[in-house]
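The values are calculated or read from the model by the stated rules, or taken from the named source; none is laboratory data. Source: prediction; values computed, not measured. In this analysis, Cβ positions are derived from the backbone assuming ideal geometry, glycine residues included, and neighbour counts consider all displayed protein chains.
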Amino acid sequence: MQIEAFHDALALVFTVETLAWLAIGVFLGVGLGAIPGLTASTGIALMLPLSFTLEIAGALGLLIGLYKGAVFGGSISAISFATPGAPDSAATVYDGYKLTKQGKGRKAILTALYSSVTADTASDIVVILVAPTIALLALQFGPTERLWLMVVAITLLGTLSGRHLAKGMLSAGIGLFLGTIGADPVSNVARNTFGQDWLRDGIHLVPLVIGIFAMSQMLDQGLELLRRKRVPERVQERLADLFGKKSEGLTFREYLSCWREMGIGIGVGTFVGALPGLGATVAAFMSYGIAKQLFPQKRIGEGSIHGIAAAESGNNATVGPTLVPLLAFGIPGSATAALIGAALILQGITPSPRMFTLHAEVIYALFLILILGNFFNLGIGRAFAFVYARLGQVPGEVLVPVIMLMAVIGAFAARGDASDVYMMLGLGFLGFLMRRAGIPEAPLVITFLIAPLLEENLRRALLINRGDWGGALFGSALGIGLAGFALFVILLTFKLNVGRRIAGIGHAEEERPKR
Amino acid sequence: MKTLKVTALVAAALSWAVPAAADDYPSGTINWVIPFGAGGGSDRLSRLFAAEAERHFGGARLNVENHPGAGAVTGWLHVLNQPADGYTVFNATPTPIITLLSEEDAPVDPSQIEILGYLAAFASVLVVREDEFPDWDSFVAALQERPITIGGTNALLLGAANVIDQAGADAIYVPYASTGESVTDFLGGHIDVAAVTESTALTIVPENGIALINTSSIALPEDVDDALGNPPMARDFGFTGLAFPRWVGMHPDTPEERMAAFAAMFEAAATDPEVTAAFAAGGEPIIFLNREEAAADYEAMVNTMRNAIGLLQ
């Protein structure tokens with residue numbers, strides 16, 4: 001470590017101005033993140049002009065604080081309203097909203113906050129200690145390896161298909177089809193657009209997530225409201241529980257009981273974050289899927305804090321590692337990293353490997369801000385989460401329309417495109433029909449998210465190997481290893497399922513009255 | 001009689017309205033349409049331009065409007081659906097042109113715009129590992145001996161395909177959704193060449209590669225060219241280069257005097273030292289081409305792209 005540069009970094013960071021901008025960034029981030037449709041990258045883009053006018057440490061504090069706050073903030077509306085603030089928090093809806101309906105919303109939000117901050121801090125420390133190693137490891141993942149990583153993700157997430165395989169497959173098929181709409185990733189020619197130009201860019205993830213998770217639930221609850229008015233009032237009462245003195249918080253023991261899930265989230269998030277093009281949503285779903293697969297006894301997906309801990313630690317653990325390719329090679333690995341890179345350029349610092357020698361004090365300042373940002377996130381997030389969630393304290397009859405309105409605003413806000421609103425409404429109706437038919441929505445969202453990435457990488461691998469499938473699929477030892485791991489997960493899942501069925505039969509035999 | 005009265009009133013109204021509008025132009029708000037969402041590079045630069053250069057537009061306000069969608073064609077259709085009165089400006093990149101040229105039944109032709117200038121232009125620079133391809137000649141020789149993989153976004157691959165085709169060679173073009181992914185694959189040795197913008201090339205050269213060729217028709221800024229080791233340009237080998245401009249245009253039916261007035265104001269703004277300094281600080285220096293130069297380059301670019309797109313498919 002260059003001691004002089006580190007001292008300069010301390011002087012840059014520990015000023016009232018820098019700390020104030022960091023606090024403002026986290027505050028804005030949590031608020032923006034909790035508004036559906038406004039993601040971390042939108043918030044950073046909005047704040048970029050302001051950052052031009054600040055000193056380098058203040059600018060980094062504002063933008064990184066906003067980034068950290070926004071990734072956590074998305075979970076607040078996911079838990080309170082079943083409307084993920086950003087796609088990163090979609091996996092949090094499963095357990096979070098169920099806990100809110102059980103009157104344990106406060107516990108759910110605190111679990112999200114503590115697991116987010118824990119994972120974020122741990123991954124930041126990993127980044128600071130071994131950023132170059134992670135970056136070099138990420139370079140080993142070419143199209144072949146990334147395609148197998150996607151296959152591993154799908155096999156790990158297979159457990160989210162629910163009890164009925166056929167219904168899970170149908171849901172996955174719908175997601176696969178929706179994921180193919182838009183420009184072909186290789187030839188750029190429109191496909192499956194039914195001649196509609198507005199479908200050329202494909203279906204955007206934000207309206208899909210809001211439609212499938214939030215609007216479908218609200219249509220369902222709206223119908224219940226019409227049938228018997230007590231149901232939404234019950235949810236409203238549960239939201240009110242967030243503030244009541246009797247509402248259930250999170251004990252230290254419960255927090256510690258999530259250490260395995262947070263460990264999974266830290267591992268998955270740190271690595272996925274360092275790989276360009278995957279992002280926090282993939283990390284959250286992968287972490288959630290692994291935890292659900294490994295710990296069936298924790299009843300993840302049925303209103304478990306362990307599910308929230310897995311998903312939220314998975315997405316927040318990507319925050320620091322997203323900057324690894326930027327710091328190690330000058331490559332922005334995500335839209336948010338690109339915006340932070342743009343802020344550095346505007347401050348006269350070109351992100352490149354030379355940064356470590358030319359501007360070491362800025363790198364150390366960035367590391368310090370990454371760590372400090374987590375403490376600000378903890379304090380501000382805790383206060384802000386409950387203030388924001390007060391928006392849920394509306395009369396029962398108003399709750400459902402308010403969330404529907406939020407869903408419409410969120411779908412529009414993401415890109416400012418009115419067609420996204422129609423898309424969200426259509427998908428909301430589709431989600432509603434699926435819920436009524438008992439078809440799980442998770443496989444749809446997962447295949448929609450992962451299948452295009454898998455296709456892109458498969459086609460790139462085929463292009464690089466000139467159409468040779470053997471080379472494209474098994475051209476490297478790492479690729480073969482990942483393929484073997486995917487096969488292992490499939491066999492393990494099969495064995496566990498068979499084991500559970502046998503155990504279930506045995507259990508039923510025991511319970512049967514003896515003659 | 002009644003019809004005559006109405007006609008006379010309309011004629012009077014028009015005779016009042018048209019000269020007054022021509023005299024006052026511009027007044028009120030000029031809508032600066034970009035075909036991309038908020039937060040991207042085009043959005044950032046458009047807002048920077050609106051903030052820094054508004055004073056050159058005769059008191060009119062520059063209002064940046066985002067009309068994303070349909071491969072950046074939605075914004076184009078929006079401009080064509082607005083009144084051709086000089087109050088709607090279209091600021092785009094080659095992205096909508098690539099979309100339109102890729103479609104069999106495109107909703108609009110790339111010629112349906114009146115080009116009024118270029119604000120900036122980026123180049124497709126081919127970055128290679130020096131030990132594999134020390135210079136252009138060795139690269140072409142290798143292309144003729146074995147398949148070489150070149151990765152980049154679609155626009156940047158077009159620049160590469162354009163010069164490689166003129167060199168009488170062929171390559172395997174691997175499209176990527178983002179530059180980050182293609183550069184990672186280049187650094188990891190999964191592809192042989194990365195087609196990148198000059199600003200991305202600056203992050204790779206000299207530690208991890210050399211700039212083999214600037215495939216653009218427009219020279220790089222001197223300091224960038226020096227930092228990249230002064231790579232040869234397409235024209236140094238007798239090839240027609242392909243630049244990727246941030247072009248500015250208007251509805252083709254806009255009255256000529258308004259287009260001329262706008263082009264003059266745009267030139268004054270884009271050559272203002274304060275504005276150019278702000279863009280340079282933003283990492284994308286202004287590379288201004290006036291109306292005549294830009295229109296000629298745009299026509300050549302569309303024709304070149306029409307051929308190059310076939311090479312990628």
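Descriptive notes on the structure:
- Any chance A:GLY142 is within 14 Å of chain B (Cβ to nearest Cβ), small (Gly, Ala, Ser) and farther than 26 Å from A:ALA477 by Cα: no
- Of all residues in the stretch A:207-221, none satisfies being closer than 26 Å to B:GLY151 by Cβ and either in a loop (DSSP other than H, G, I, E, B) or within 14 Å of chain B (Cβ to nearest Cβ) (or both).
- Check on B:ILE150, outside any helix (DSSP H, G or I), of a type in the set (Val, Ile, Thr) and more than 8 Å from every other protein chain (Cβ to nearest Cβ): yes
- Answer residue from the stretch B:279-294, given it is in a helix (DSSP H, G or I) and buried (at least 20 other Cβ atoms within 10 Å of the Cβ) and is modelled with the lowest pLDDT among those: B:PHE279
Residues are listed down the side, and each one gets a yes or a no for (1) surrounded by fewer than 22 Cβ atoms within 10 Å (Cβ to Cβ); (2) closer than 24 Å to B:GLY37 by Cα; (3) at pLDDT 90 or above:
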position: A:PHE356; (1), (2), (3): yes, no, no
position: A:ALA360; (1), (2), (3): yes, no, no
position: A:ARG390; (1), (2), (3): yes, no, no
position: A:GLY396; (1), (2), (3): yes, no, no
position: A:GLY416; (1), (2), (3): yes, yes, no
position: A:LEU425; (1), (2), (3): yes, yes, yes
position: A:MET434; (1), (2), (3): yes, no, yes
position: A:GLU441; (1), (2), (3): no, no, no
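Residue-wise test of (1) buried (at least 24 other Cβ atoms within 10 Å of the Cβ); (2) touching a Ser or Thr at 6+ places or on another chain (Cβ under 6 Å).
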| site | (1), (2) |
| --- | --- |
| A:ILE3 | no, no |
| A:ASP8 | no, no |
| A:ALA45 | no, no |
| A:LEU54 | no, no |
| A:LEU66 | yes, no |
| A:SER75 | yes, yes |
| A:ALA86 | yes, yes |
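- The condition of being more than 12 Å from chain B (Cβ to nearest Cβ), buried (at least 24 other Cβ atoms within 10 Å of the Cβ) and hydroxyl-bearing (Ser, Thr, Tyr) holds for only one of A:THR336, A:THR318, that being A:THR318.
- Against the conditions (1) within 14 Å of chain A (Cβ to nearest Cβ); (2) part of a helix (DSSP H, G or I); (3) at pLDDT 90 or above, B:ARG55 satisfies every one except (1).
- Residue within the stretch B:117-133 that is within 11 Å of another protein chain (Cβ to nearest Cβ), crowded, with 21+ Cβ neighbours inside 10 Å, of a type outside the set (A, V, I, L, M) and within 20 Å of the chain's Cα centre (by Cα) present: no
- Just one of the listed residues (B:LEU101, B:LEU143) is in the same structural domain as B:MET233 (by TED's automatic domain parsing), in contact (Cβ under 8 Å) with a residue 24 or more places away in the chain and of a type in the set (A, V, I, L, M), namely B:LEU143.
- Residue match in the stretch B:230-238 (condition: buried (at least 16 other Cβ atoms within 10 Å of the Cβ) and aromatic (Phe, Trp, Tyr)): no
- Restricting A:LEU113, A:LEU156 to residues that are modelled with pLDDT under 85, more than 30 Å from A:SER352 (Cα to Cα), hydrophobic (A, V, I, L, M, F, W, C) and within 20 Å of the chain's Cα centre (by Cα) narrows the list to A:LEU156.
- Restricted to the stretch A:178-202, and to residues there that are out of contact with any Pro (no Cβ under 6 Å at 6 or more places or on another chain) and more than 12 Å from chain B (Cβ to nearest Cβ), the residue that is nearest to A:TYR97 (Cα to Cα) is A:LEU178.
- A count restricted to the stretch B:198-210 and to residues that are within 14 Å of another protein chain (Cβ to nearest Cβ) and in contact with an Asp or Glu (Cβ under 9 Å, 6 or more places away or on another chain) stands at 4.
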